[in-house]
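Input: a single structure, listed below in structure tokens.
The values are calculated or read from the model by the stated rules, or taken from the named source; none is laboratory data. Computed from a prediction, not measured in an experiment: that's the story for all the values here. Counting neighbours? That spans all protein chains shown, and the Cβs are built from the backbone with ideal geometry, glycine included.
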Amino acid sequence: MFDNVISKVIPAGSLIIVENFDRISRADIDTAIEDVKKMFRKGVSVMTLGA
């Protein structure tokens, strides 16, 4: 998913909905947080449905 945001396959203004934060990345938590920040900077929003 991250690569698709960076390569603009998922364009700015998109909303990615995931069940839980751990579905965003298989990386360790620190790397995953940095990846999400990069997605935000590219104009993509992320919404989690879980607690």
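The single condition from (1) surrounded by 10 or more Cβ atoms within 10 Å (Cβ to Cβ); (2) in contact (Cβ under 8 Å) with a residue 12 or more places away in the chain that residue 50 fails is (1).
The listed residues are 35, 30, and the only one of them that is touching a Phe, Trp or Tyr at 6+ places or on another chain (Cβ under 8 Å), at pLDDT 90 or above, of a type outside the set (Gly, Ala, Ser) and not in a strand (DSSP E or B) turns out to be 35.
Any residue in segment 39-46 that is modelled with pLDDT under 95 and in a loop (DSSP other than H, G, I, E, B)? No, there is no match, as no residue in segment 39-46 is modelled with pLDDT under 95 and in a loop (DSSP other than H, G, I, E, B).
Kindly indicate whether residue 51 is small (Gly, Ala, Ser), assigned to a loop (DSSP other than H, G, I, E, B) and either at pLDDT 95 or above or out of contact with any strand residue (DSSP E or B) (no Cβ under 8 Å at 6 or more places or on another chain) (or both). Yes: the conditions hold for residue 51.
Picking from residues in segment 6-17 that are surrounded by 12 or more Cβ atoms within 10 Å (Cβ to Cβ) and not in a loop (DSSP other than H, G, I, E, B), the one that is farthest from the chain's Cα centre (by Cα) is 6. Take segment 23-44 and flag every residue that is of a type in the set (Lys, Arg) and either within 12 Å of residue 1 (Cβ to Cβ) or surrounded by 14 or more Cβ atoms within 10 Å (Cβ to Cβ) (or both). Scanning segment 23-44 gives 23, 26, 38, 42.
All conditions in (1) out of contact with any strand residue (DSSP E or B) (no Cβ under 8 Å at 6 or more places or on another chain); (2) at pLDDT below 95; (3) of a type outside the set (Gly, Ala, Ser) hold for residue 9, with the sole exception of (2).
Every condition in (1) modelled with pLDDT of 95 or more; (2) part of a helix (DSSP H, G or I) is met by residue 3 except one, and the failing one is (1). Condition check for residue 20 on (1) touching a Gly at 6+ places or on another chain (Cβ under 6 Å); (2) surrounded by 14 or more Cβ atoms within 10 Å (Cβ to Cβ); (3) of a type outside the set (Lys, Arg): one failure, at (2).
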